[in-house]
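Readers should treat all values here as calculations from the given coordinates under stated rules, not as data from a laboratory. Owing to the predicted nature of the structure, the values given are computational and were not obtained by experimental measurement. Here the Cβ is made from the backbone with ideal geometry for all residues, glycine too, and neighbour counts use every protein chain on show.
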Amino acid sequence: MSRRVTVNVPDEVAERLEREPNVSQYVTTAIRDRMRHEERLAATRRLLADAGYQFTSEGVDRMRTRLAEHEARRAAGRSRGQAA
């Protein structure tokens, strides 16, 4: 069973979708991938919480900052021709 849904998307997304021969299949696959990702994330958080780890928005923000800094250093190393 399927239902027709109308959505508004940004121009760059619409341009990408225009190149797809089957937009419904493309969007369905993308959304199912996202749903699986969210389910895995929730399961991982439950597993870590059961093991005693606590998540705070401040801690998550702190780790996102650290990861972004690490990625920036990696990218800078690649641009200078160094091994990542």
Any residue that is part of a helix (DSSP H, G or I), aliphatic (A, V, I, L, M) and surrounded by 10 or more Cβ atoms within 10 Å (Cβ to Cβ) - is there at least one of those in the range 5-12?
no
Qualifying residue in the range 48-57 (condition: in a helix (DSSP H, G or I) and under 18 Å from the mean Cα position of the chain (by Cα)):
yes
